[in-house]
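Structure in structure tokens, see below.
Here, each number is a calculation from the coordinates, and none is a lab measurement. Worth saying up front: this structure is predicted, and the values here are computed from it rather than measured. Cβ atoms come from the backbone with ideal geometry, glycine included; neighbour counts cover every protein chain shown.
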Amino acid sequence: MDPAKYLRRPENHVVIYRSRITALRLLKICFAALALSLAGCVTQQANVADSSPVAGLMKGDASRGRDVIMGRDGNCLLCHAVPETGARFMGNLGPPLSGIGARLDSAQLKLRIVDPLLFNPDSIMPAYGRTEGLTHVGKVYRDKPILTGQQIDDIVAYLAALR
């Protein structure tokens, strides 16, 4: 069977959080989550601080995370409202992040920052930790994630504290 026809058939989709995704995309999400959790176990056992964005959760600093969210590195406030930051102007393209720490755990937050397209293929949020499969990337930025692994973990620490 033609894979494109298979993916277009509604009976091959799964409904998660009111959005339809294909079983193949769900499988990719599961493998990515498994890879993150395994990487976390290996990192903890070896006690090695890896700066890769998809490595296990490192010790994040919430105050640095707040700075990244408010600064030009992450540029999160361009699309998201985070009233806890006290910023004057915030976007409304993405969902508000107030209370996100009560809805998602740290691993889920990290996975959504590293590659939001795993959860929503129509997302306009950039993949802050992914470097492969991107198009129209300037030579200076090729093979470099937007944020470092430490910056992503700092953001996760800040967002996890928003309850």
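Output the qualifying pairs, or none if there are none: Cβ atoms under 6 angstrom, residues six or more apart or on different chains, first residue in region 121-148 and more than 19 Å from Val68 (Cβ to Cβ) and free of Cβ contacts under 8 Å to residues at least 24 places away in the same chain, second residue assigned to a loop (DSSP other than H, G, I, E, B) and among the small types (Gly, Ala, Ser).
Sorted first by the residue in region 121-148, then by its partner, the list stays empty.
Another one. Can you tell me which of (1) under 16 Å from the mean Cα position of the chain (by Cα); (2) outside any loop (DSSP other than H, G, I, E, B) is the one Glu84 doesn't meet?
Single failed check for Glu84: (1).
Additional query: Scan region 94-150 for residues that are of a type in the set (S, T, N, Q) and surrounded by fewer than 11 Cβ atoms within 10 Å (Cβ to Cβ) and jot them down.
First pass over region 94-150, keeping only residues of a type in the set (S, T, N, Q): 98, 106, 108, 120, 123, 131, 135, 148, 150.
Matches in region 94-150: Thr135 only.
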